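Chemist: Starting off with a structure, shown below.
The values are calculated or read from the model by the stated rules, or taken from the named source; none is laboratory data. Quantities reported herein were computed from a predicted structural model and do not represent experimental measurements. Note that we place each Cβ from the backbone using ideal geometry, even for glycine, and neighbour counts take in every protein chain shown. These area figures cover heavy atoms from the full protein model, side chains too; ligands, DNA and RNA do not enter into them. Shrake-Rupley method; radii C 1.70, N 1.55, O 1.52, S 1.80 Å.
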Amino acid sequence: MEVFKLDITNERDRARIDNHDYDVFVANAAINEGGPLGEMPMDRFRAIFELNVFATLESVQFAARKLVKKGKGKIVFLSSMAGIITTPYGGPYAATKHASREWH
């Protein structure tokens, strides 16, 4: 088994996905920043969505294309209970987890 870390918001790192032979791709990227929704700067909110939702989907698209060509494989999404229930000041993270909980 080979495990490697990459920054899915980095185009060069995403391209590395194609350089490996794998049967399982685990999508487990996330960042969190809490605080009152009315006070969190929108650039921080956008950054959380960019990584937790859009970059995750983009990396899965890379993996899915490779696995389709290969004719086999699995994609595993790891999310969070925060997509169903959250804590005070956990709204930004919970919103991204709710957005991603129905991908399977």
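Chemist: Say we look at the stretch 37-48 and pick out the residues that are over 17 Å from ASP13 (Cβ atoms) and surrounded by 15 or more Cβ atoms within 10 Å (Cβ to Cβ); which of these is modelled with the highest pLDDT?
Modeler: This residue is ILE48.
Chemist: Separate question: Which members of the stretch 1-32 meet the condition of being under 12 Å from ALA63 (Cβ atoms), open to solvent by 40 Å² or more (accessible area, probe 1.4 Å) and under 10 Å from the mean Cα position of the chain (by Cα)?
Modeler: VAL26
Chemist: What pairs come out if I take residues in the stretch 67-89 that are closer than 16 Å to VAL53 by Cβ and free of Cβ contacts under 8 Å to residues at least 60 places away in the same chain and pair them with residues that are among the basic types (Lys, Arg) and not in a helix (DSSP H, G or I) whose C-beta lies under 6 Å away, six or more apart or interchain?
Modeler: What qualifies is SER79/ARG101; GLY83/ARG101.
Chemist: When the stretch 50-97 is examined, which residues are found to be in a helix (DSSP H, G or I) and open to solvent by 100 Å² or more (accessible area, probe 1.4 Å)?
Modeler: Once the filter is applied, which keeps residues that are in a helix (DSSP H, G or I) and open to solvent by 100 Å² or more (accessible area, probe 1.4 Å), the stretch 50-97 yields PHE54, GLN61, ARG65, VAL68, LYS69, MET81.
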